[in-house]
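Read the structure below first, then the notes.
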Amino acid sequence: MAERFQAPRGTFDVLPTSSHARAQVHDAAAEIFARAGYGRVETPIFESTELFSRGVGDATDIVRKEMFTFTDQGDRSLTLRPEGTAPIARAYVEHGMHKLAQPVKLWYSGSYFRHERPQAGRFHQFNQIGAESIGSDSPLVDAELIVLLDGFLRELGVPGVRLRLSSLGTTETRATYREELRKHLRAHESELSHDVRERIDENPLRAFDADDEGTKGVMESAPMMVDRLDRDDAEHLAEVRTLLDQAGVTYELDGTLVRGLDYYTRTVFEFESSSLGAQSALGGGGRYDGLVAALGGPATPGCGWAAGIERILLALDELGPAPSIDVFVTAPDGRRDRAFAIVRELRGAGLRAELDQAGRSIKGQMKQADRVGAGRVVILDDEGGAAVRDMKSGEQRELDLARVVEAVSTNGGEADGRS
Ligand code: AMP
């Protein structure tokens, strides 16, 4: 026997048993974004590597060690997108979207790729739904985005949701703060993990994300950016907070929240669920007022978030199961083509209809009808006659095939609560 293949490490197949739950997550997002005036955007799965090294930042974990990068036949370095914001900012610049009415509000859904150690809720290929609002520095934008993600998670019924909020200030205030933080880290160098020590110069903020006891201890007494904001940044944060309070969104102000991407300025936030294990982040984001300019566009503020679909599905107990079949049509061998025609007619009328395609006996076909959860069965006989049976009550009646759609619909077709 030939050797079997398996999906690559860190990837997974989405089978019909779980695809319906995914579709529900997607539909909920589409509805929420439509109501808020966000347009759907799709960018390529791969981009030039430079976009991420410049956009996300060379010193970040994502760019340093998590990207799937390859060289194409033309010797260009390409990378499977590890995140969605830099590509969308690239598209904003490329398509001159700064000429449109601002802010430009976009949402997306697709696959992302990161070479992280696979574990529950962490994959090499995963899916995100995200939103970006580019072109306004109003706190209304930050608050709207947070309210949308909060509403999305609420609508789906994700349990144990917690929101952390902070501000990273502007590039200038952060530069001063970074120096202060470096001093603190250097003063405690021997207590830090190797990884954190190595990057005191390059990326000191990352120390807040470390999970070793030594570094954690040092960070307890570390200065925090949220206490070093200048007047404008502090005001911006205060306004975002007021709007969230008004909207009834509860959050925790948490100065240890830094997020792992370089482009953030001012507001940052992250939603977590207590029903997830170590990988507790459902989604997060923030403001990136320097990103568009860093990618060659005009100075343009922006804000956005991304949520992990697999994390949401993991946190949810259960979404509704896939709807079952309305009608199953059984037929003896001589009338299978008639069954085929009836199924087409029923589907044309908007009903979910199936027939046997595996040469089963009539008894086997009835069993199959039961297995697929058919509400009723149209039974064709050898003599050209037909009957319809209600699978719940067992009631069976003769059926005029010229009016099959009407018959299966009026026979309680839509009223049994199965669909
Ligand atoms: P990030 O931009 O890194 O905060 O990612 C946004 C969201 O995507 C996270 O909160 C997770 O829900 C999800 N996510 C990030 N990386 C992975 C991964 N490797 N596997 C599964 N989900 C992920």
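At-a-glance table
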quantity	calculated
Hull volume in cubic angstrom per residue (convex hull over the Cα atoms of the chain)	212
Cα lying deepest toward the dipole's positive end in the chain, options 359, 314, 238, charges on Cβ	359
Cα-based reach from residue 392 at 26 Å (exclusive), listing lysines while leaving out same-chain residues under 8 positions away	363, 367
Selection from 275, 80, 175 lying farthest towards where the dipole of the chain points positive, charges on Cβ	80
Heavy-atom accessible surface of the chain: percent carbon and sulfur, 1.4 Å	48
Cα lying deepest toward the dipole's positive end in the chain, options 152, 106, 334, charges on Cβ	334
Cα-centre dipole for segment 227-371 with unit charges at Cβ (Lys and Arg positive, Asp and Glu negative), debye to 20	1280
Length released on extending from residue 242 to residue 338, taking residue separation times 0.36 nm less the Cα-Cα span	28.0 nm
Alpha carbon centroid spacing (whole Å) that separates segment 254-273 from segment 119-185	5
Long-range Cα-Cα pairs in segment 195-312 (distance over 20 Å), rounded percent	53
Area of residue 317 that stays accessible when all protein chains are in place (1.4 Å probe, Å², to 10)	150
Candidate aspartates and glutamates - alpha carbon under 19 Å from residue 99, same-chain residues fewer than 8 apart omitted	132, 137, 289
Loop trypsin sites (Lys or Arg not before Pro), segment 14-77, which have at most 11 other Cβ atoms in a 10 Å radius of their Cβ (DSSP)	76
Karplus-derived 3J(HN,Hα), 6.51/-1.76/1.60, for each residue of segment 307-322, Hz, glycine and proline x	10, x, 5, 5, 5, 4, 5, 5, 6, 7, 5, 6, 9, x, x, 4
Residue-normalised accessible area of the chain, expressed per residue, 1.4 Å probe, Å²	49
Sparsely packed GluC sites (Glu not before Pro) within segment 21-58, loop by DSSP, other Cβ within 10 Å at most 12	42
Antiparallel bridge percentage (DSSP; both residues within the chain; nearest 5)	80
Ratio of the Cα radius of gyration of segment 1-155 to 2.2 N^0.38 Å, where N counts its residues	1.18
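The values are calculated or read from the model by the stated rules, or taken from the named source; none is laboratory data. Treat the numbers as computed from the prediction; the structure is a model and nothing was measured. Positions of Cβ are generated from backbone atoms using ideal geometry, with glycine treated the same way; all protein chains shown enter the neighbour counts. In case anyone asks, the SASA skips ligands and DNA or RNA and just uses the protein heavy atoms, side chains included. Shrake-Rupley method; radii C 1.70, N 1.55, O 1.52, S 1.80 Å.
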